[in-house]
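Nothing in this text is a laboratory measurement; each read-out follows from the coordinates by a stated rule. Because the structure is a prediction, the values reported are computed rather than measured. FYI the Cβ positions are ideal-geometry reconstructions off the backbone, even for glycines, and counts take in every protein chain you see.
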Amino acid sequence: MNPLFDTPPDRRQSDSMKWQRYRGTDILPLWVADMDFATPEVIRNAITARLAHPVLGYTHPWPSLNLAVVEGLARDHAWQIEPDWIVWLPGVIPGFNLACRLAGDPGAGILAFPPVYPPILSAPANHERRLIRSHLVETEGRWGIDWEHFASLDHHAIRLLMLCNPHNPVGRVWTREELLRLGRYADHHDWLICSDDIHCGLVLAPQCRYQPIAALDESLAQRTITLMAPSKTWNIPALSTAFAVIPNAQLRQQFIQAGQGLISAPNVLGLVATEAAYRHGDPWRQALLDYLRGNAQRVAERLADMRGLLGTAVEATYLAWINCRELNQARPQRFFEQAGVGLSDGKDFGMEGYVRLNFACSREVLDEALTRMQAALAAG
């Protein structure tokens, strides 16, 4: 037993959005992507130390904070960046909305790969841009880009490529070859690239290595906005702190100007937490990854025994994407909710007939949820 993860805090009577959705019921919430585990002690201690100073005024990011990110990306991902490439944000969602504002004129095409994080799908319309979809396909238990469909698109109409790496919800870590192939199209057609890499610290598969597309060559670096945050890896999403890495100085200035009057600066406690995470949070992260690998294996083993459900290997994230189309259920999310398990509806990600299961919970809760799902299938 690992006390860090097997005995998490009881969130049922807390202000947790995840648990409040089903307050007063017996439904186990395995939906929204936050973890049930306590935030690392090194982060909580850093916040407590900052609160010892009685003033919480407006704050500029400080040099040691930027340096912590620079050193963390070099250590964890072999990506060498400069401190002045960093633009601080109150979340990644504002980041890809700002990228949409920079993508051509109203009506310009923005390419995304459903199933994908829902705010990526909704961002283009927020700025009078047109969403162009190229759905991922599952082949022999692994999701990937449908290159035949991708080749048939009107590439001249696309002004922005929206990536998600690692990809939420299918859990893929895109390979160097896949990223370079996309990059060749981006270079040839002069696309802007915005990559949501918020789950980059959560690679589970030992054979997979996360690489930001901006790190592959200088041409791609100059056209890419990479969005990152400590929120998923160290479980601090409520602190609303993220950053963009933008090597191109002109693009970086355009990005900053696009946000003027629209987005606020991240809060000081989120910045403090971010520095603590990148400086001191890796031992906790490594322990978390070990635990999540065990949970991912548990999900895979149990799904294999569930009639009508098909899962795929989770290379990264703590999210399992489950095909329910053989169940003959119009709303599989609702079916499992009635069985006492709250999952995310695949329709929100642009693919009906699927559900997303968040396995960043104690093994006891996970086992109970999987048992309920199996019982519902047997009864149905």
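List the residues whose amide H sits under 5 Å from the amide H of residue 225, counting only those 5 or more places along or on another chain, with H placed 1.01 Å from N in the peptide plane.
HN-HN under 5 Å from residue 225: 193, 194, 195.
Starting from the 7 Å offset along Cα-to-Cβ, what nm value, one decimal, do you get for the label separation of residue 148 and residue 180?
So the label points at residue 148 and residue 180 sit 2.5 nm apart.
What are the ³J(HN,Hα) values, in whole Hz, obtained from phi via the Karplus relation 6.51 cos²θ - 1.76 cosθ + 1.60 with θ = phi - 60°, for each residue of the stretch 152-166 in sequence order, with x given for Gly and Pro?
Per-residue couplings from phi come out as 7, 6, 7, 5, 5, 7, 7, 10, 9, 9, 9, 9, 9, 9, x Hz.
Stretch residue 45-residue 188 to full length: gain in nm at 0.36 nm per residue minus the Cα-Cα span? Walk me through the numbers on the way to the answer.
On the way: separation 143, 0.36 × 143 = 51.48 nm, distance 4.88 nm.
Taking residue 45 through residue 188 to full extension adds about 46.6 nm, to one decimal.
Enumerate by residue number the GluC sites (Glu not before Pro) in the stretch 42-150 meeting two conditions: DSSP loop (anything except H, G, I, E, B), and at most 13 other Cβ atoms within 10 Å of the site's Cβ. Intermediate values should be presented prior to the final figure.
Values: sites: 71, 128, 138, 140, 148; in loops: 128, 140.
Here the GluC sites (Glu not before Pro) that fit, given the DSSP loop and packing criteria, are 128, 140.
For the pair residue 7 and residue 122, what calculated FRET efficiency results from E = 1/(1 + (r/R0)^6), where r is the Cβ-Cβ distance and R0 = 35 Å, to the nearest 0.05? Show your work: numbers first, answer last.
Working: r = 38 Å, r/R0 = 1.07.
The value I calculate is 0.40.
Let's test the formula: R0 of 41 Å, r as the Cβ-Cβ distance of residue 307 and residue 55. What FRET efficiency results, to the nearest 0.05?
Working: r = 60 Å, r/R0 = 1.46.
After rounding to 0.05, the efficiency reads 0.10.
Can you list residues from other chains, or at least 5 along the same chain, whose modelled amide H is less than 5 Å from the amide H of residue 27?
Amide H to amide H, under 5 Å and 5 or more residues apart or across chains, residue 27 pairs with nothing.
What residues have an amide H closer than 5 Å to that of residue 143, excluding those fewer than 5 places away on the same chain, when H is modeled at 1.01 Å from N in the peptide plane?
Amide H neighbours of residue 143, under 5 Å, 5+ apart: none.
So what's the gap between the Cα centers of the stretch 5-61 and the stretch 182-199, to the nearest angstrom?
Centre-to-centre (Cα) distance: 34 Å.
Rounded to whole Hz and in sequence order, give me ³J(HN,Hα) for the stretch 237-250 from the Karplus expression 6.51 cos²θ - 1.76 cosθ + 1.60, θ = phi - 60°, writing x for Gly and Pro.
With the stated coefficients, the stretch 237-250 comes to x, 6, 7, 6, 9, 8, 7, 10, 10, 10, x, 6, 4, 5 Hz.
Take every DSSP beta bridge with both residues inside the stretch 100-184 and express the antiparallel ones as a percent of the total, to the nearest 5.
Values: 3 of 10 bridges.
Expressed as a percentage, antiparallel bridges in the stretch 100-184 total about 30.
What nm value, rounded to one decimal, do you get for the distance between residue 75 and residue 330 when each label is placed 7 Å out toward the C-beta?
That separation, rounded to one decimal, is 5.4 nm.
Work out Dmax and Rg for the chain from the C-alpha atoms and quote the Rg first, both in angstrom.
Here Rg and the maximum Cα pair distance are 20.5, 60 Å.
Figure the gain on full extension for residue 207 and residue 300 (residue separation times 0.36 nm, minus the Cα-Cα span) and round it to one decimal in nm. Intermediate results must be reported in sequence, preceding the final value.
Numbers: separation 93, 0.36 × 93 = 33.48 nm, distance 1.75 nm.
Length gained, residue 207 through residue 300: 31.7 nm.
Apply the Karplus parameterisation 6.51 cos²θ - 1.76 cosθ + 1.60, with θ equal to phi minus 60°, to every residue of the stretch 180-185 and state each ³J(HN,Hα) to the nearest whole Hz, in sequence, with x for glycine and proline.
Here the 3J(HN,Hα) series is 5, 5, 5, x, 5, 5 Hz.
If you add up the charges near residue 130, with Lys and Arg at +1 and Asp and Glu at -1, over every other residue whose beta carbon is less than 13 angstrom from its beta carbon, what do you get? Don't skip to the answer; put the middle values down first.
On the way: positive: 129, 133, 159; negative: 105, 128, 154.
Taking every Cβ under 13 Å from that of residue 130, the sum is 0.
Let's test the formula: R0 of 51 Å, r as the Cβ-Cβ distance of residue 140 and residue 105. What FRET efficiency results, to the nearest 0.05?
Numbers: r = 41 Å, r/R0 = 0.81.
The pair residue 140/residue 105 has a calculated efficiency of 0.80.
Report the antiparallel proportion of the DSSP beta bridges in the stretch 45-280 as a percent, rounded to a multiple of 5. Can you show the working numbers first?
Working: 10 of 26 bridges.
Of those bridges, close to 40 percent are antiparallel.
At most 11 other Cβ atoms within 10 Å and a DSSP loop assignment: could you name the GluC sites (Glu not before Pro) in the stretch 287-355 that fit?
Working: sites: 301, 315, 326, 337, 352; in loops: 315, 352.
Here no GluC sites (Glu not before Pro) fit, given the DSSP loop and packing criteria.
Any chance you could run the full-extension gain for residue 287 through residue 250? It's 0.36 nm times the residue separation minus the Cα-Cα distance, nm to one decimal. If you can, show how the numbers build up before the last one.
Values: separation 37, 0.36 × 37 = 13.32 nm, distance 4.01 nm.
Separation in residues times 0.36 nm, less the Cα-Cα distance, equals 9.3 nm.
State, as an integer percentage, the relative contact order of the chain based on alpha-carbon contacts under 8 Å between residues 6 or more apart. Numbers along the way, then the final one.
On the way: 703 pairs, mean separation 87.2, N = 380.
This gives 23 percent for the chain.
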